[in-house]
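Asker: Below are the structure tokens for one structure; questions will follow.
The values are calculated or read from the model by the stated rules, or taken from the named source; none is laboratory data. None of the values given here were measured: they were computed from a predicted structure. As a convention, Cβ positions derive from the backbone with ideal geometry for all residues, glycine included, and neighbour counts pool all protein chains shown. Only protein heavy atoms, including side chains, enter the accessible area calculation; ligands, DNA and RNA are left aside. Shrake-Rupley method; radii C 1.70, N 1.55, O 1.52, S 1.80 Å.
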Amino acid sequence: PVLVGLSFLNEGWITFLPLIVYFGFLPLMELFIKPDSSNWDPQQIEKEKKSLFYDIIIFGMVPVQLFFLLWFLSFDFSSTDILTNSGRVVSMGIMCAVIGINVGHELAHRVQSWHRYLGDILLLTSLENHFVPYHNRGHHTNVATPGDPATARLNEPLYFFWFRSQIGSYIQAWQIEVQRMKIMKKPSFSFHNK
């Protein structure tokens, strides 16, 4: 969020700062920094699972993401140059991927319904609300099979996979939700349909 904030506060090439740092500088640094291969012992893992520290960070991402999205939507893109506009769009896109999708994904796996609701809010910021029904009841059921659009095929080109994954997961989410609506005796086009 700090780098995206710097992107939003500036103009020109600096608006690409998140892209430069996360897809340029950090991968280069990884070539020179030895990775830490140590792991926590089982007692430390159990202690960390009970810590509220990680929950606070994850829950805190919801208002942060919403703030930045509203800030982004408030820009008058007609008053700035194409370089600035492009950098801000890329920066917001990176934030939507990292926070909107990744943190939303984490929350969608939680047991508590209000955690899943926060996950839905984050996924909405990336227009990925179909992810929850598809991922939890489609992908996890069919992973690594031809029935899973999010499983890449052997030697499949990246762009073919991406289109098949996005479109296929959306279609499968609709199928899953229509079936759920039948079980609930609700119409397919219902507010209960995620």
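Asker: Taking Cα pairs under 8 Å and at least six residues apart, what relative contact order does region 1-87 come out at, in percent?
Answerer: 51
Asker: Considering only protein heavy atoms, what per residue accessible area in square angstrom results for region 149-194 with a 1.4 angstrom probe?
Answerer: So region 149-194 comes to 79 Å² accessible per residue, rounded to a whole number.
Asker: Tally up the carbon and sulfur contribution to the accessible surface of the chain as a whole percent, 1.4 Å probe, everything protein left in place.
Answerer: Carbon and sulfur atoms account for 69 percent of the accessible area of the chain.
Asker: Would you list, by chain and number, the aspartates and glutamates whose Cα falls below 17 Å from the Cα of K49, excluding same-chain residues fewer than 8 positions away?
Answerer: Straight-distance partners of K49: D41, E106.
Asker: Expressed in nm², what is the orientationally averaged projection area of the convex hull enclosing the Cα positions of region 77-179?
Answerer: Averaged projected hull area, Cα only: 8.4 nm².
Asker: Using just the C-alpha positions of the chain as equal point scatterers, what log10 of I(q)/I(0) does the Debye formula give at each q in 0.10, 0.11 1/Å?
Answerer: Taking Cα atoms of the chain as identical point scatterers yields -0.58, -0.70.
Asker: Right, something else. Can you grab the distance from the C-alpha centre of region 5-44 to the C-alpha centre of region 50-74, Å, no decimals?
Answerer: Rounded to whole Å, the Cα centres lie 19 Å apart.
Asker: Does region 3-52 come out rounded, prolate or oblate, given a ≥ b ≥ c as the square roots of the eigenvalues of its C-alpha gyration tensor, rounded meaning a/c under 1.5 and, failing that, prolate meaning a/b above b/c?
Answerer: oblate
Asker: Filter the chymotrypsin sites (Phe, Trp or Tyr not before Pro) in region 16-103 to those in DSSP coil with at most 10 other Cβ atoms within 10 Å of their Cβ, and list the result.
Answerer: In loop regions of region 16-103 (DSSP not H, G, I, E or B), the sparsely surrounded chymotrypsin sites (Phe, Trp or Tyr not before Pro) are F32, W40.
Asker: Please report the accessible area of T141 (heavy atoms, 1.4 Å probe, ligands and nucleic acids excluded) in Å², nearest 10.
Answerer: Only protein atoms counted, so the area is about 100 Å².
Asker: With θ taken as phi - 60° and the coefficients 6.51, -1.76 and 1.60, list the Karplus ³J(HN,Hα) couplings across region 61-73 in order, rounded to whole Hz; mark glycine and proline as x.
Answerer: Calculated HN-Hα couplings, in order: 5, 5, x, 4, 4, 5, 4, 5, 5, 5, 4, 4, 5 Hz.
Asker: Still on this structure, I have one more. Can you pull the percent of Cα pairs in region 7-85 with separation above 18 Å?
Answerer: Value for region 7-85 (Cα pairs over 18 Å): 68 percent.
Asker: Rank N142, N155, N102 by mean-square fluctuation in a GNM of the chain with C-alpha springs under 10 angstrom and give only the top-ranked residue.
Answerer: Of N142, N155, N102, the most mobile in the Gaussian network model is N155.
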